[in-house]
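A short write-up of the structure that comes next.
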Amino acid sequence: MLQLPKLKIGDLTPLFPIVQGGMAVRVSTAPLAAAVAEAGGVGVIGATGMEIEELRMEIREAKRLSKGIVGVNIMFAIREFAEMVKVAMEEKVDAIFTGAGFSRDIFKWGREFGVPIVSIVSSVRVALLAEKFGAAAIVVEGTEAGGHLGTDKPLFEILPGIREAVKLPVIAAGGIVNGKGIANAFKLGADGVQMGTRFVLSKECTVADSFKDMYLKAKPEDVTLISSPVGMPGRALRSEFVDRLLAGNPEPPEYCDSCLKNCSQQYCILNALEKARLGNIDEGVVFSGKNVYMIKEILSVKEIFNNLIAELNCIMSNPKAV
C-alpha cells in the first residue's frame, strides 16, 4: 500500500492528501467538489462570483452528494466576503480556503463556528501571519497557478522556505497536474497538494465544452499573464478578448455592481470569466495553470484519482524517476 503523507486540516484527514482548487465564477461547483470528496480528496466550491443564497444551495447540494470533505474558497477581495464566510459557516462547511488579501477576522469566526481556515500564501511573511492568527493549514501557491497570482516566483522556489518557517500543514499549489508534480512537492516537504487545472478537465466539472476544448488544445505559448481589475496579475489562455487586453484595449464595463472592494474598472473580470464559463470564449477570460498543455484527456474524477495514485506508486517505488 502506497504510504502518502497524512494531510491534517484541523480535525480533518482526507484519505488522499489532494485538494481540488476552488475555482471562482462557477467553475468549481457542487458536482465537482462532491466527486472529489467522494474520491477521498478535499472538494472545494469556488464561492467568488456566486450570489450568497446560491452559495448556500451549492454547499447543501455538495453535502447531499457526498459524505466526504467539502470546503469553500472565498476571495478576501470581494465586497461580500464576510457575508459569504458567514453563510458557509452556517451551512457547516468543512473548511474555508481564502486568499487574494488577508483577513484577520476570519480566524475568529472560524473558532466561533468550529470551521478550520486555510490561508493561501506565496511568501514566508504571510505564511507566518496566517500561523500567528490561527490558520489550520496553508496553501503555498506559486506563479504556475491559474487565476489571480500572489507571486512571480515558481512554487518549488518558495515552498522550501515556507515549509521551514512554519509548523502548519503545507499544501503545495501551482502547476501540479500529474503524479510527478505531486511527488516533487512531497519531496520538498509538502503535506498535500492542491490541483485546479487538472480537475477542470473532468466529467464532473460543469463548464462549457468549448472551455474544456480550449484546455485540451492549449500549447505552452497559449498560456499568458494578464492584468486584472482586482489589482493582481492573472494566468489565462490566449483568446480574442485576452489579446485585446494584452494590446492595451480593454473594454470598460457598461455596468458595475461593485462586487470587489477595490477595482480598477478597466474591464469586468467577473463578467469575462462568466462568459468563458458559458462558452463564449472569444469574449471571455479562461483562467488556466501554466502546465495545462500536459493534460490530454477528460476523465471522471475517480479516474483522475486512480491515475494520480498509480503514477505516485510508480514514482515512489523508483525514486530516481522524480
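The values are calculated or read from the model by the stated rules, or taken from the named source; none is laboratory data. Just so it is clear, the model here is predicted, and its values are computed rather than measured. Here the Cβ positions follow ideal geometry from the backbone for every residue, glycine too, while neighbour counts run over all protein chains shown.
Among (1) touching a residue at least 40 places away in the same chain (Cβ under 8 Å); (2) assigned by TED's automatic domain parsing to the domain that holds Glu144, where does Glu303 come up short?
(1)
Starting from segment 3-29, keep only residues that are in the same structural domain as Ser119 (by TED's automatic domain parsing) and without any contact (Cβ under 8 Å) to a residue 24 or more places away in the chain, then list their pairs with residues that are among the polar types (S, T, N, Q) and buried (at least 22 other Cβ atoms within 10 Å of the Cβ) whose Cβ atoms are within a distance under 9 Å, requiring at least 6 positions of separation or different chains.
Every condition considered, no pair remains.
Residue by residue, here is whether (1) in contact with a Ser or Thr (Cβ under 6 Å, 6 or more places away or on another chain); (2) more than 27 Å from Leu65 (Cβ to Cβ) holds:
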| position | (1), (2) |
| --- | --- |
| Cys268 | no, yes |
| Leu273 | no, no |
| Leu278 | no, no |
| Ile281 | yes, yes |
| Gly284 | no, yes |
| Lys290 | no, yes |
| Ile295 | no, no |
| Ser300 | no, no |
| Glu303 | no, no |
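Of all residues in segment 28-79, which are basic (Lys, Arg) and modelled with pLDDT of 95 or more?
Matches in segment 28-79: Arg56, Arg60, Lys63, Arg64, Lys67.
Residues of segment 267-280 being more than 18 Å from Ser227 (Cα to Cα) and crowded, with 20+ Cβ neighbours inside 10 Å, which ones?
Arg277
Return the residues of segment 108-124 that are in contact (Cβ under 8 Å) with a residue 24 or more places away in the chain and either assigned by TED's automatic domain parsing to the domain that holds Met232 or surrounded by fewer than 18 Cβ atoms within 10 Å (Cβ to Cβ) (or both); say none if nothing qualifies.
Trp109, Phe113, Ser123, Val124
Just need a number here: residues in segment 184-198 that are surrounded by fewer than 20 Cβ atoms within 10 Å (Cβ to Cβ) and either free of Cβ contacts under 8 Å to residues at least 40 places away in the same chain or of a type in the set (Gly, Ala, Ser) (or both).
Residues meeting the conditions: 2.
Quick check on Phe156: is it free of Cβ contacts under 8 Å to residues at least 40 places away in the same chain and aromatic (Phe, Trp, Tyr)?
So Phe156 fits the description; yes.
If you scan segment 30-69, which residues turn out to be of a type in the set (Lys, Arg) and in contact with a helix residue (DSSP H, G or I) (Cβ under 7 Å, 6 or more places away or on another chain)?
The answer is Arg56, and nothing else.
Has segment 45-57 got any residue that is touching a Phe, Trp or Tyr at 6+ places or on another chain (Cβ under 6 Å) and either among the basic types (Lys, Arg) or assigned to a loop (DSSP other than H, G, I, E, B) (or both)?
No, because not a single residue in segment 45-57 is touching a Phe, Trp or Tyr at 6+ places or on another chain (Cβ under 6 Å) and either among the basic types (Lys, Arg) or assigned to a loop (DSSP other than H, G, I, E, B) (or both).
Just wondering, is there one or more residues in segment 299-321 that are in a loop (DSSP other than H, G, I, E, B), out of contact with any helix residue (DSSP H, G or I) (no Cβ under 6 Å at 6 or more places or on another chain), surrounded by fewer than 15 Cβ atoms within 10 Å (Cβ to Cβ) and modelled with pLDDT of 90 or more?
Within segment 299-321 (the criterion being in a loop (DSSP other than H, G, I, E, B), out of contact with any helix residue (DSSP H, G or I) (no Cβ under 6 Å at 6 or more places or on another chain), surrounded by fewer than 15 Cβ atoms within 10 Å (Cβ to Cβ) and modelled with pLDDT of 90 or more), the answer is yes, since at least one residue qualifies.
Just one of (1) closer than 24 Å to Leu270 by Cα; (2) buried (at least 22 other Cβ atoms within 10 Å of the Cβ); (3) in contact with a Leu (Cβ under 7 Å, 6 or more places away or on another chain) trips up Arg79, so point out which.
Answer for Arg79: the failing condition is (2).
Within the set of pairs 6+ apart or on separate chains, which have a first residue in segment 199-226 that is part of a helix (DSSP H, G or I), a second that is of a type in the set (S, T, N, Q), and C-beta atoms under 7 Å apart?
Listed pairs, sorted by first residue: Phe199/Gln20; Tyr215/Ser288.
Output the number of the condition that Leu159 fails; it satisfies all remaining conditions of (1) of a type outside the set (Lys, Arg); (2) buried (at least 18 other Cβ atoms within 10 Å of the Cβ); (3) in contact with a Ser or Thr (Cβ under 6 Å, 6 or more places away or on another chain); (4) more than 16 Å from Val19 (Cα to Cα).
(3)
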